[in-house]
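Can you read through this structure? Questions will come right after.
Quick note: the coordinates plus some simple rules give every number you see, no bench work behind them. These numbers come from a predicted model, not from an experiment. Glycine also receives a Cβ, built like all others from the backbone with ideal geometry; neighbour counts cover every protein chain displayed.
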């Protein structure tokens, strides 16, 4: 609740920094500087590109290139709750997938909850289809196998010396169609 010593919420036009309410007994705190709208769009684009590239690399069997997507100390929590700590563990996990497995991550939407010059958080909706290269392709491709799954990625992104990378990813499943 505001009192007589509180400053109103205001936007400084030159920096878009929000001034937080203060009282005589608490220190003034200022949230991280929010980027201007154009800078925010650029950051969102760069982070969304990491999400799309991760799907492309995983689906294409190019797990060794995931260092282009994840921070060196990244953490990925799988839908079953298993945690992979570090980019090397993430790469090794995807490299161990069966060679005949086909996966297609259809990335549907990414919604950003917060964006600062050095960090961002977002939720991405994903539709996951899978199949096997052992099935002969027909006029419509190979048949999908197993469960077709709607899931999501809850990602935290960090700006690094090499550009934006995924720092944490919590993958979860929400709906499925049993295709067996």
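Which of the three applies to region 32-177, rounded, prolate or oblate, going by the alpha-carbon gyration tensor with a ≥ b ≥ c and a/c under 1.5 meaning rounded?
prolate
Ordered by packing density, taken as the mean number of other Cβ atoms within 10 Å over each peptide's residues, highest first, how do 150-157, 135-142, 56-63 rank?
Peptide ranking by packing, descending: 150-157, 56-63, 135-142.
Please work out whether region 140-180 counts as rounded, prolate or oblate from its C-alpha gyration tensor, where a ≥ b ≥ c are the square roots of the eigenvalues and a/c under 1.5 means rounded, while otherwise a/b larger than b/c means prolate and anything else oblate?
oblate
Relative contact order of region 32-177, please, whole-number percent, based on alpha carbon pairs below 8 angstrom and at least 6 residues apart.
Once normalised by length, the contact order is 25 percent.
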